[in-house]
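Notes for the one structure printed next.
Every number here is computed from the coordinates shown, using simple stated rules; none is lab data. This one's a predicted model, so the numbers in the text were calculated from it and none came from an experiment. Heads up, the Cβs are rebuilt from the backbone with ideal geometry, glycines too, and the neighbour counts pull from every protein chain shown.
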Amino acid sequence: MRSSLTIFALIVSTAVGAFAGAIERDHLFKRGGPEICTANLDGSGEPDAQVTKDCCAAVDHEAYFNEAFKQCWPYSGPAGNSIDTGAMVDCCSSRDRGSRAV
């Protein structure tokens, strides 16, 4: 009984933390996993590693540019969801590039 209560408490606290982490500065942000900027505005085409690196650094989120994969990754790894997808889209498009999740 005690262990099932502990497991339930962990599940609830994780869910609350995940939701609360997405609320910043009175906005609800869409968060996602790894992202890249692409050569074409519609998200197709070859990845643009330099623009991806620039945007990954410019966007205010918990992520880093993975040099091996040439992608913007959440600090928690490729299964994480801390990348601000909307801000990445805006950043890539401001440099005449598309974007997509990978």
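Under the condition of being on the phi > 0 side of the Ramachandran plot and touching a Gly at 6+ places or on another chain (Cβ under 9 Å), which residue from the range 40-76 is surrounded by the fewest Cβ atoms within 10 Å (Cβ to Cβ)?
Only one residue fits best here, namely Gly45.
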(request) Among the residues of the range 70-102, count how many are in contact with a strand residue (DSSP E or B) (Cβ under 9 Å, 6 or more places away or on another chain) and over 22 Å from Asp42 (Cβ atoms). (result) 7
